[in-house]
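Please read the structure below before turning to the comments.
The values are calculated or read from the model by the stated rules, or taken from the named source; none is laboratory data. This is a predicted model, so every value here is computed, not measured. Using ideal geometry, Cβ is built from the backbone for each residue, glycine included, and neighbour counts are taken over all protein chains shown. Heavy atoms of the whole protein, side chains included, go into the accessibility calculation; ligands, DNA and RNA do not. Shrake-Rupley method; radii C 1.70, N 1.55, O 1.52, S 1.80 Å.
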Amino acid sequence: MFRLLNNCARTNKSSIYYEPLKRRQFTSSTTGTHVDVNSNSNQASANYCFDLVRQHDYENYLCALLMTEKPRRSTFGIRALNVEVSKIASVVSDDKIGTMRLKFWYDAIESIFSPKASKIPDHPVIKEIHLAITSHNLNKMYLMRLIKCRERPPNRLFVTTKELEQYAEESVSSMYYLLAKILKSESLDVDHALSHLGKAQGITNMLRAQSRVDRSKGVCIPQEIMLKHGVSQERILRNKIDDKGVQDCVFDVASAANSHLEKARKLSSKVPSNIKQLLLPAVAIDRYLERLRKCDFHLTHQQLARRDSLLPVMYYWNYLRKNY
């Protein structure tokens, strides 16, 4: 099992992803344009998104490899869009430049849905998003929310835990709602499960990123939690191994993530079988939070910096058992 999944991970044109497709066209209900999924340019766009997710979102890349064939390509397109907008804050030093880059993605999505649009930007991710929209009639609101939430300045503190959870909902759960649409499942139970999963993953991602941020990017610990434990932002950034107050702050945030993870798992029995594959990231979230606990909630512990070598096996095992 380990060898199978790792072989897929090392090959940027894995047969699991790039299985032969019958030549066909999709007609956009919004633009009326045709998209040939077998054209060389579209295949290059698919390759680009595949590699982008593999390089920048490895854990979700492994999950996408295990998805069934038909929704897999659109899944990589959606996750590639998320990678593009999420990495802007880390590669630009000027907020104005970051805003301009986000506007490019915002305008690109607008152009796809505009009935007067004659063409879309010549960008591989936009081409794949266009194909996903025309193939699965994706919701414009969630695509826009995925981009708009990134307008939040990276150095702005979260005031409350609820505000942190709302950001995780917008930045991660929105993506899961789109993936559920691709899998043709819409129900309150599915939305609730994916909402909690997105919040758990979003909060966990921010904790994991905290150990790599510089002082200009601020901290992910809400102000109400820092006040509760009498901890300053400076102490969070220093993150000394013997600082009990900082560990207590991290514990509270990790507990919020774990609470949402447990709620998502409790709802899994009400989720249709074909949608349960979307809950697979719960395995990685659980394993990271457990490692964080064993490291006494010290975010920069060397054990947390190492890649979880058993994760591919755990993904595949849980995938076979449909147990997330």
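Brief remarks follow.
- Residues located in segment 215-227, provided they are at pLDDT 95 or above and open to solvent by 40 Å² or more (accessible area, probe 1.4 Å): GLN223, GLU224, LEU227
- In segment 57-90, the qualifying residues are those that are more than 18 Å from the chain's Cα centre (by Cα) and not acidic (Asp, Glu), and the one that is nearest to LEU143 (Cα to Cα) is LYS70.
- Cβ separations smaller than 6 Å between residues 6+ apart or across chains give the following pairs from segment 171-187 residues that are open to solvent by 20 Å² or more (accessible area, probe 1.4 Å) to residues that are not in a helix (DSSP H, G or I): LYS181/LEU138.
- All conditions but one from (1) open to solvent by less than 40 Å² (accessible area, probe 1.4 Å); (2) outside any helix (DSSP H, G or I) apply to ARG212; the one that does not is (1).
- Residues in segment 110-122 that are touching a helix residue (DSSP H, G or I) at 6+ places or on another chain (Cβ under 7 Å) and closer than 20 Å to ALA44 by Cα were compared, and the one that is modelled with the highest pLDDT is ILE112.
- Filter result (open to solvent by less than 50 Å² (accessible area, probe 1.4 Å) and either at pLDDT below 95 or of a type in the set (S, T, N, Q) (or both)) within segment 191-205: SER195, GLN201, THR204
- Subset of segment 69-101 that is touching a residue at least 24 places away in the same chain (Cβ under 8 Å) and of a type in the set (D, E, K, R) - its residue that is surrounded by the fewest Cβ atoms within 10 Å (Cβ to Cβ): GLU69
- Failed condition for TYR106, given (1) of a type in the set (Phe, Trp, Tyr); (2) at pLDDT 95 or above; (3) open to solvent by 50 Å² or more (accessible area, probe 1.4 Å): (2)
- Filtering segment 135-161 to residues that are surrounded by fewer than 21 Cβ atoms within 10 Å (Cβ to Cβ) and β-branched (Val, Ile, Thr) leaves VAL159, THR160, THR161.
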